[in-house]
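Chemist: Got a structure for you, written out below as structure tokens; questions coming shortly.
Here, each number is a calculation from the coordinates, and none is a lab measurement. Owing to the predicted nature of the structure, the values given are computational and were not obtained by experimental measurement. Because the Cβ atoms are built from the backbone with ideal geometry, glycine has one as well, and the counts that use them run over all protein chains shown.
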Amino acid sequence: MGHRAKVLTAVLLGALAGCQRATDPVARGREYFHAFGCVRCHAIGAAGAHYGPDLSYIGFRKTAAWLDLWLGNPHAWKGHTVMPNLHLPESVRKDLVAFLAEQKGEAFARDGKPWEVPALAKDPVKRGETIFLHAGCTGCHGIAGVGGNPNNNVVGGEIPSLRGVRDRYNAEELVEKIRLGSIPGAANPRQPAPMVRMPEWGKVLLPAEMKALASYLVTLDPVQGKGKKGSAEDF
Ligand code: HEC
Ligand code: HEC
């Protein structure tokens with residue numbers, strides 16, 4: 001092949017690849033999720049690690065606006081988070097947001113739900129704990145529900161801890177709370193509304209799964225003393 005033909009082929013192939021990739025931000029986002037090492041800390045379905053929250057339901061529980069803010073700089077939202085600021089170029093960030101926004105549990109439909117294992121069938125508390133981890137309740141309520149995650153414009157500035165939640169709700173009320181979710185009221189009505197809400201889990205979880213979650217939540221003892229934080233080891 002002559003030089004001009006080579007150049008032309010390269011240009012055409014480049015344009016073709018560019019077109020295919022340009023039209024599918026989700027596919028690009030999936031590639032970046034691997035290329036930028038997100039999988040070293042996060043799982044989607046059966047693949048990845050659990051150093052950070054499981055992201056199989058991330059597109060269900062968090063909005064694209066929040067994801068964009070978080071990936072822009074995690075420390076701007078949560079000062080002491082161990083998730084590093086990866087200084088992502090804007091185009092990469094947008095594609096990652098498009099990919100993450102698509103993650104609404106389909107990976108579990110494909111790979112199997114981690115709580116659908118024989119060992120957990122007769123142990124609702126342990127099953128609830130496993131759902132708590134993999135549905136990503138930890139992403140908002142912290143490991144074992146210890147709290148410590150911020151929300152904007154809410155009284156106290158934080159998403160509630162779930163330690164001792166049994167003192168506020170019985171098991172049936174917990175199931176209803178999980179099923180319907182709830183939108184926190186704005187502390188100051190003139191400021192932007194809180195960005196993080198309690199999702200309506202009834203849209204993606206089965207009644208038996210929400211019941212198992214409630215069985216687990218009622219076992220969470222109140223934390224005595226302030227400043228008890230989860231470690232990042234068991235998301
Ligand atoms: C060194 C480990 C590490 C790496 C690498 C990492 N993360 Fe994280 N990530 C975490 C941890 C830990 C948290 C939980 C932060 C907290 O609560 O303080 C988190 C939180 C998140 C959340 C919020 C989860 C939720 O449930 O709200 C998203 C989204 C996220 N990471 C996406 C990514 C993406 C995309 C990448 C790659 C560009 C990435 N992370 C790379 C450790 C990491
Ligand atoms: C995207 C963030 C987010 C995720 C994920 C999340 N929650 Fe929540 N949750 C909240 C917020 C915010 C509130 C407070 C709502 C309000 O003030 O109306 C809340 C409140 C609650 C409450 C009531 C607490 C109280 O003291 O009133 C329970 C129980 C609860 N969540 C359980 C769960 C369970 C179980 C899961 C996982 C299936 C879960 N949450 C996942 C954000 C979240």
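Chemist: In degrees, nearest 10, range 0 to 90: what is the angle between the Cα axis of helix 207-217 and the longest Cα principal axis of the chain?
Modeler: Between helix and principal axis, roughly 60 degrees.
Chemist: If you don't mind, another one. Sticking with the crude label model, points 7 Å out along Cα→Cβ, report the distance from Thr23 to Ser91 in nm, one decimal please.
Modeler: Taking the simple label geometry, Thr23 and Ser91 are separated by 1.8 nm.
Chemist: Please compute the modelled spin-label separation between Thr219 and Glu176, points set 7 Å along Cα→Cβ, answer in nm with one decimal.
Modeler: Taking the two extended label points, one gets 2.5 nm.
Chemist: Have a look at Ile178, Pro222, Asn85 and report the one farthest towards the positive end of the charge dipole of the chain, computed about the Cα centre with Cβ charges (Lys/Arg +1, Asp/Glu -1).
Modeler: With unit charges placed on the Cβ atoms, the residue in question is Asn85.
Chemist: While we're on this one: What are the radius of gyration and Dmax of region 22-111, computed over its Cα atoms and given in Å?
Modeler: Here Rg and the maximum Cα pair distance are 12.3, 37 Å.
Chemist: Once you've got the Cα coordinates, tell me which of Lys122/Lys211; Lys78/Lys126; Lys62/Lys177; Lys78/Lys203; Lys113/Lys203; Lys62/Lys122 are over 25 Å apart.
Modeler: Lys78/Lys126; Lys78/Lys203; Lys62/Lys122
Chemist: With angles folded into 0 to 90 degrees, how steeply does helix 3-22 sit against the dominant principal axis of the chain? Use alpha carbons for both and round to 10.
Modeler: 20 degrees
Chemist: Next question. Which residues does the label zone of Arg190 cover in region 148-164, counting backbone N under 16 Å from a point 7 Å along Cα→Cβ?
Modeler: What the label zone holds, given the 16 Å backbone N cut-off, is 153.
Chemist: Still on this structure: Roughly how many nanometres apart are two label points built 7 Å out from the Cα toward the Cβ at His75 and Ala121?
Modeler: 5.0 nm
Chemist: Still on this structure, please answer the following. Quick one: net charge around Met198, please, counting Lys, Arg +1 and Asp, Glu -1 for every other residue with C-beta under 11 Å from its C-beta.
Modeler: So the environment of Met198 carries a net charge of +3.
Chemist: Can you give the angle from 0 to 90° between the axis of helix 90-101 and the longest principal axis of the chain, with both taken from C-alpha atoms, to the nearest 10?
Modeler: 50 degrees
Chemist: Given the DSSP H assignment, sum -39500 (n - 2.57) over each helix run of at least 4 residues in the chain and divide by its residue total; what's the result at 222 nm in deg cm²/dmol, nearest 500?
Modeler: -13000 deg cm²/dmol
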